[in-house]
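Participant: Structure in structure tokens, see below.
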Amino acid sequence: MSHDHPHHHDHDHPDPHAPRKDLEDTPPTYHQALADAVAELLIEKGVFTGGDLRDTIEYMQGRTPELGAKITARAWVDPAFKAKLLTNAKEAAAEIGIDTGPAPLLVMENTPDVHNVIVCTLCSCYPVFLLGKSPDWYKSREYRSRVVRDPRTVLSEFGTEIAPQREVRVHDSTADMRYMILPMRPEGTDGMDETQLAQLVTRDSLIGVIEVSAPA
């Protein structure tokens with residue numbers, strides 16, 4: 001029996017690459033506005049400079065989903081790496097030269113029995129260091145509320161149909177915890193090397209709204 005529920009401790013979409021207009025350009029949330037105000041205060045107090053903040057933002061903007069894809073491909077071909085990734089993601093990523101950022105990170109594995117998806121119900125917490133800039137739809141109020149209440153319907157709008165017997169788990173990112181999904185390796189990819197496998201992995205599969213497909 002399937003149990004669809006958000007894991008709170010883990011704290012339109014017809015085309016995910018072209019989300020509906022009502023999901024774009026959403027105004028800043030309370031928490032985003034609060035973060036801006038805190039940053040301005042810390043600059044004023046001399047804790048860091050505007051230049052420091054710009055350098056950090058530029059560094060984060062330079063991050064891309066290719067980093068998460070690289071981690072995923074390594075996990076698919078290296079069982080020891082995968083085991084460490086699922087227990088200590090930060091250390092596992094560091095072994096292949098990837099910085100996962102200052103926040104703790106949990107990697108949730110998709111299996112034939114469980115499909116995982118991530119959201120931030122309060123604002124837009126997101127593993128920027130691994131996936132790059134978050135998509136507009138991820139930050140939208142519609143996604144943040146609906147994926148918790150009715151994840152199967154939201155996933156179906158991305159073209160992802162989850163079998164009734166497969167459990168869906170929703171993981172709520174917070175300021176203290178980030179999540180990344182480890183998608184299932186698709187069938188028909190046994191002859192592909194790690195670089196080729198990484199090219200199959202997309203940002204949306206690392207969020208969990210789609211699954212990875214083998215090349216046609």
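The values are calculated or read from the model by the stated rules, or taken from the named source; none is laboratory data. Small disclaimer: the values here were computed from a predicted structure and weren't measured. Cβ placement follows ideal geometry from the backbone for every residue including glycine, while neighbour counts extend to all protein chains displayed. Side chains are part of the model used for accessible areas, which takes the heavy atoms of the whole protein and leaves out ligands, DNA and RNA. Shrake-Rupley method; radii C 1.70, N 1.55, O 1.52, S 1.80 Å.
Participant: Conditions: (1) open to solvent by less than 60 Å² (accessible area, probe 1.4 Å); (2) under 18 Å from Pro112 (Cα atoms); (3) hydroxyl-bearing (Ser, Thr, Tyr). Ser213 meets all but one. Number of the miss?
Facilitator: (1)
Participant: Using the structure shown, decide if Leu155 is surrounded by 21 or more Cβ atoms within 10 Å (Cβ to Cβ) and over 12 Å from the mean Cα position of the chain (by Cα). Even if it seems obvious, please write down each step before you answer.
Facilitator: Numbers: surrounded by 21 or more Cβ atoms within 10 Å (Cβ to Cβ): yes; over 12 Å from the mean Cα position of the chain (by Cα): yes.
For Leu155, the condition - surrounded by 21 or more Cβ atoms within 10 Å (Cβ to Cβ) and over 12 Å from the mean Cα position of the chain (by Cα) - is met.
Participant: Sort out which residues of segment 191-216 are in a helix (DSSP H, G or I) and hydrophobic (A, V, I, L, M, F, W, C), and write them in order of number. First the steps, then the outcome.
Facilitator: Applying the first criterion (in a helix (DSSP H, G or I)) to segment 191-216 yields 194-198, 203-207.
Of everything in segment 191-216, those that are in a helix (DSSP H, G or I) and hydrophobic (A, V, I, L, M, F, W, C) turn out to be Leu197, Ala198, Leu206, Ile207.
Participant: Looking at Asp176, is it open to solvent by less than 40 Å² (accessible area, probe 1.4 Å) and within 27 Å of Cys123 (Cβ to Cβ)? Working first, answer last.
Facilitator: Numbers: open to solvent by less than 40 Å² (accessible area, probe 1.4 Å): no; within 27 Å of Cys123 (Cβ to Cβ): yes.
Criteria not met by Asp176.
Participant: Still on this structure, please answer the following. When residues of segment 179-200 are filtered for being open to solvent by less than 10 Å² (accessible area, probe 1.4 Å) and of a type outside the set (A, V, I, L, M), how many remain? So that I can check it myself, show each step before the final result.
Facilitator: The first filter runs over segment 179-200 and keeps only residues open to solvent by less than 10 Å² (accessible area, probe 1.4 Å), leaving 179-183, 189, 197.
Within this subset, residues satisfying the condition of being of a type outside the set (A, V, I, L, M) are 179, 183, 189.
Residues that pass the stated criteria total 3.
Participant: Search segment 128-142 for residues being in contact with a Ser or Thr (Cβ under 7 Å, 6 or more places away or on another chain) and open to solvent by less than 10 Å² (accessible area, probe 1.4 Å), and hand back the single one that is nearest to Asp176 (Cα to Cα).
Facilitator: Ranking the qualifying residues of segment 128-142, first place goes to Leu130.
Participant: So in segment 100-127, with the set limited to residues that are aliphatic (A, V, I, L, M) and farther than 14 Å from Ile181 by Cα, which one is most open to solvent (accessible area, probe 1.4 Å)? Lay out the reasoning, then the answer.
Facilitator: Within segment 100-127, the subset aliphatic (A, V, I, L, M) is 103, 105-108, 114, 117-119, 122.
So of that shortlist, the ones also farther than 14 Å from Ile181 by Cα come out as 103, 122.
Values: Ala103: 17, Leu122: 92 Å².
This residue is Leu122.
Participant: Right, another one. Based on this model, can you work out whether Gly97 counts as at pLDDT 60 or above, among the small types (Gly, Ala, Ser), open to solvent by 60 Å² or more (accessible area, probe 1.4 Å) and under 21 Å from the mean Cα position of the chain (by Cα)? Lay out the reasoning, then the answer.
Facilitator: Values: at pLDDT 60 or above: yes; among the small types (Gly, Ala, Ser): yes; open to solvent by 60 Å² or more (accessible area, probe 1.4 Å): yes; under 21 Å from the mean Cα position of the chain (by Cα): yes.
The answer is yes for Gly97.
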